[in-house]
1. Taking +1 at the Cβ of each Lys and Arg and -1 at the Cβ of each Asp and Glu, which of A:GLY110, A:GLY263, A:GLY72 sits farthest along the dipole of segment A:72-287 towards its positive end, judged by Cα position relative to the Cα centre?
2. Per the helix-only calculation at 222 nm, which mean residue ellipticity applies to the protein assembly as shown, given -39500 (n - 2.57) for every DSSP H run of n ≥ 4 and division by its residues, nearest 500 deg cm²/dmol?
3. Hand me the trypsin sites (Lys or Arg not before Pro) from segment A:49-94 located in a DSSP loop with no more than 12 other Cβ atoms within 10 Å, in residue order please.
4. Measuring from a point 7 Å past the Cα of B:PHE305 along Cα-to-C-beta, which residues in segment B:89-125 have an amide N at less than 18 Å?
5. Would you mind checking which residues have amide H under 5 Å from A:TYR51's amide H? H placed 1.01 Å from N; only 5 or more apart, or other chain.
6. Compute the semi-axes of the equivalent ellipsoid of chain A, taking the square root of 5 times each eigenvalue of the Cα gyration tensor, and list them largest first in whole Å.
7. Treat every Asp and Glu Cβ in the protein assembly as shown as -1 and every Lys and Arg Cβ as +1, leave all other atoms uncharged, and give the resulting dipole magnitude about the Cα centre to the nearest 20 debye.
8. Would you be so kind as to identify which of A:PHE131, A:LEU189, A:LEU206 lies farthest towards the positive end of the dipole of segment A:72-287, taking Lys and Arg as +1 and Asp and Glu as -1 on Cβ and the Cα centre as origin?
Amino acid sequence: MSHRSISPEAGPLPAGRGWSRVRRTPALLAGSFMMLVLILLAVFIPWISPYDPIAQDLSAFLRPPSADHWLGTDQLGRDLFTRLIYAARTDLGIMVLAEIIPFCLGITVGMLAGYYGGWVDTIVSLVTDTFIAFPFYLIVIIVAFASGAGAQGIYITFMLVGWIVFARVSRGLAASLKRQEWIASAQTLGLPGWRILLRHLLPNILPQAVVVLMTDMVGVLVAIVTLGYLGIGIAPPTPDWGTMVADGQSFMTTAWWLSAMPGLAVVYTGIALSLIGDGLADLWRRKS
Amino acid sequence: MTKTSPTARRKAGCPPSYRWLAIAALRALIVIACVTTAVFFLIRIVPGDPAKMILGEYATAESIAALRRTLGLDLPLWEQFVRFLHTLLTRGDTGLSIVSGVPVRQLIAERAPVTLLLIALACLLAAAVSLVLAVVAATNKDKLLDHLIRIFPAITLGMPVFWVGLLLILLFGVHLRWFPVGGIGEGWTGMLYSLALPAITVAFSQIPTLVRSLRAQMLEVLESDFVVTLRAARIPRRVILFKHVLRNSALPTLMLFGVNLSYLIGGTLVVEQVFGIKGIGSLLFTSISSRDFPVIQGIALYCAFAVVAIGLLIEIAAWRLDPRTKEKR
């Protein structure tokens, strides 16, 4: 971890070395590729598919997979593949948005608590230790109910409890890093606190936090989809993997793919994010 | 905590355990207080008027105002909170159901047994399967079986629990016809039989994390000095594994289980919906669709209480079983 201490001002890594390391991390490559495919599909779906994700075509309902409809059509005659990819836009968008504030907030709070210690640290540790037992799922359901269907409940809940996991990680890292010589020498050189935090601690905390972020995002995605399935998440007709599974449930015996495919899309995204997380962890471990 | 070594403290005649126990209990109380407060204020602060939600879009202004009065929503926030705490502390629930007029506590007590049975079955199943998988993985380290078992969590991490339930229904209920596709059977055997698939579904969501933790712990213990000594003493491998290694590596997994408990309960509520089981989960979601405000609040509080209480019990159990855990605090 302390290899960067050679120069007190840790600069970015040389690009060439970085890339050759990435190339030797198959998990990272595979995960990024899977994610890239999904993102490209989601961006270019209006040009890829001739169908509308919302307009109904009751003359072509519950069609099995064919050349025209790659994954068949649903009970309202909408092309399943098209809806699946449009749903990626909705769900991945909310997933990323819901994590931005908790991620930044958690790192800031954790870093300050770990580096400065004292009463700030006491309070932050107490809060994070307490909230680890928070019945998170119930709170999501309650907030989603109270704020009406939509993404609001998800954003509110994650702002409330999502930062804790990042605060825990960065607090632990900051507390152990600050005891190392290179931080001490930066302090002796008289660098101001904010500079040590931003230029020296943050670059060493971020990799670990990003690894945690990947796993956490899978959890957020599953929460979004679960709310959709229960009918208190994304409101129809906006395509969402969760509501799609719920809609297909009534046709399970005749058209199982209606429910199976959206779930598979969630699993696909989950695997991609896990692979990226594992790969980044590998990369980071090998570096130190 | 303090710089005195455990032995020094023991010699001084002050059991360090009670202080730890008091802190753990205090923390549990804080969580319950936080959840109570959070649920109360969240429902009121987030956009959307409960009275309007209960009555629907076409309600008149008068009927909304009337319902707000009955629910006490027209009072200042602090007064609502005092009233809420008062009912909670004196009666142990969050009032009467708007739909049926029955006390919330009674509604929950009627539905709780099925849910609790489902959770218990899922826990037993998860523990048994995780144990077998972790032992197989740890004893075959870096062999094919180990790799297969280790890939498992990465794949299952993103599997929504309701989707797993649906696939199991499709496979074992619709195609193979081994299990009923939903509902609850008659009598004890019928009940257990119909709860099998739901329990497998809930357990499935817990197994990956448990296996991962137990495997890592077992590997650590397998490499420790005392195991090497036991091997040198020619104690049979089976005895070392089950009597010594497992016992020493089970506790962190038990603690992890305590942390995951809220997910387990949340998952159970969702799985009940998938299988059409009339438990707490279905009560929660029918209350959500009928906007039965006090019931929802009551379920949240009772579940929070259960999560925290069981979490505390697990911590106490871990501490009773392994005196070392208290020194880590």
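1. Ranked along the dipole, the leading option is A:GLY110.
2. So the calculated ellipticity at 222 nm is -24000 deg cm²/dmol.
3. Sparse-neighbourhood loop trypsin sites (Lys or Arg not before Pro): none present.
4. Output list for this probe position: B:89-97, B:102-117.
5. The answer is none.
6. 43, 23, 13
7. 2860
8. In segment A:72-287, that residue is A:LEU189.
Each reported figure results from applying straightforward, stated rules to the coordinates on display, with no laboratory input. Just so you know, these numbers come straight off a predicted model, no measurement behind them. All Cβ positions, even for glycine, are placed from backbone atoms using ideal geometry, and neighbour counts span all protein chains on display.
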